[in-house]
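> Please see the structure below; I have some questions.
The values are calculated or read from the model by the stated rules, or taken from the named source; none is laboratory data. All values reported here derive from a predicted model rather than from experimental measurement. Reconstructed Cβ throughout: ideal geometry from the backbone, glycine too, with neighbour counts over all protein chains shown.
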Amino acid sequence: MSTTPQPELTRLAPEIASSLALRRFGLLGFNAQETGRLAGVLESARAVWARFEESWIAKSAYLGDALVIRMGAVSPQGLRAAAGSRAPVLLVGTAEAILEGIGGAYAWPREILVEPWSDQELLVRLFRVLAGRSEAVPTGPREQPLILVADDDTSWTALVETCLRAHGLTCRTVNDGLRTLRLARELRPDLIALDVQMPGMDGFEVLEAIRRDPFLEALPVAMMTACVNDAEVKRGSALHADDYIAKPVSPTVLLNRIRKLLLPAGSVFVPVAEPAEETREPEVPPGLDELRAVYLSNRTRELVTLAGAVQRGDFDSLSRAGHNLKGTGAAYGFAELSEIGKGLEEAAKAADAPKVQTLLGKAESYLNRLNAVPSHEGA
């Protein structure tokens, strides 16, 4: 996915920029030209987007942070589903269409964007949609444990959040180290799943700050990384990490590791059953084919950006993309993508452009093959 800023949108208020960066938006009901414009604005703010189908609305809270819906292009049944969704909605349409009151659309959206609109207005509306979604600081016992998942790869956090919520755990996601520490102090989660490589502060720096904070020092922390080595494990152990999880890891294994850390001392742990090895079925939570479809769509679009990175000699971006692909492919049920990601990261670190191009070609062939069949047959 391209993140090249549009010239008129390069200057954003820091709060808006940090709120929109790497957040996931589903676009529903827009034609190709409208989608292109929305995508350009979202990418200028480093946000992530995907085209949504109307049948996905009921699961939108698992698939993205917010929905952007075009009035008049969604059925009344779709609007009613959106009104009842846990995902906040930005409704886009003419004033006349909204005031007609179809599906009560003047009342339930988090924000309304009246046509014609400017790119700047869209960004402000999206910021307000997300700002209204923040959770209050807990003041008493929770009905469900709260897990703070810190990782700058939205494909990974989307999968983790979906898996945890499907098993009765509340989840918040964050994409940089500084915000992780701030939210840990604000929300007092029951556990942090903390990636090692993050912007702002890396995972070890966050963990060190947590262990020095008298209010957080006993907080369980599971370190996660797609690049495990002895030095990292020793450093995590020295900082009293409670677990060290190597990516890619199946959602079921991750769920069990987190549930075990949440148990009171002396409790008997009963793990969630994992799929039988001989079935070779992907371990994506049941009923979330839509999430896999979004993942494949994003990886396919990302190839265009990575091809440009090869031409520019931007091996840092290529290495980061390979690292993320290595950590997510198998977790979504596409083990070959993890292998390609591993090779891509190594080739990019060696600045081996021909090898990088070969691997991108291999990824394109594999994705084309997956996109040619139903998602449940792709792994």
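> Need the failing condition index for Leu42 against (1) buried (at least 20 other Cβ atoms within 10 Å of the Cβ); (2) not in a helix (DSSP H, G or I), just the number.
Going through (1) buried (at least 20 other Cβ atoms within 10 Å of the Cβ); (2) not in a helix (DSSP H, G or I) one by one, Leu42 breaks only (2).
> Let me ask something else about it. So for segment 67-78 (the condition being among the hydroxyl-bearing types (Ser, Thr, Tyr) and touching a residue at least 24 places away in the same chain (Cβ under 8 Å)), does at least one residue qualify?
no
> Please report, ordered by residue number, the helices (runs of 4 or more DSSP H) entirely within segment 85-195 with at least 2 residues that are surrounded by 19 or more Cβ atoms within 10 Å (Cβ to Cβ), touching a residue at least 24 places away in the same chain (Cβ under 8 Å) and on the phi < 0 side of the Ramachandran plot.
In segment 85-195, 119-131, 154-166, 177-187 are the helices (runs of 4 or more DSSP H) which contain 2 or more residues that are surrounded by 19 or more Cβ atoms within 10 Å (Cβ to Cβ), touching a residue at least 24 places away in the same chain (Cβ under 8 Å) and on the phi < 0 side of the Ramachandran plot.
> Follow-up. Can you tell me which residue within segment 359-376, out of those that are surrounded by 15 or more Cβ atoms within 10 Å (Cβ to Cβ) and of a type in the set (Ser, Thr, Tyr), is modelled with the lowest pLDDT?
Residue satisfying both the conditions and the ranking: Ser375.
> Within the group Lys342, Lys247, which residue is at pLDDT 90 or above and not hydrophobic (A, V, I, L, M, F, W, C)?
Only one candidate passes the filter, namely Lys342.
> Continuing with this model, one more query. Here are some residues: Ala309, Ala363, Ala351, Ala347. Which one is touching a Lys or Arg at 6+ places or on another chain (Cβ under 6 Å) and either over 15 Å from Ala226 (Cα atoms) or assigned by TED's automatic domain parsing to the domain that holds Gly40 (or both)?
Answer to the check: Ala347.
> I need the full set of residues from segment 61-115 which are among the polar types (S, T, N, Q) and over 23 Å from Tyr295 (Cα atoms), in order please.
We begin by selecting, within segment 61-115, every residue among the polar types (S, T, N, Q); these are 75, 77, 85, 94.
Residues satisfying the conditions are Ser75, Gln77, Thr94.
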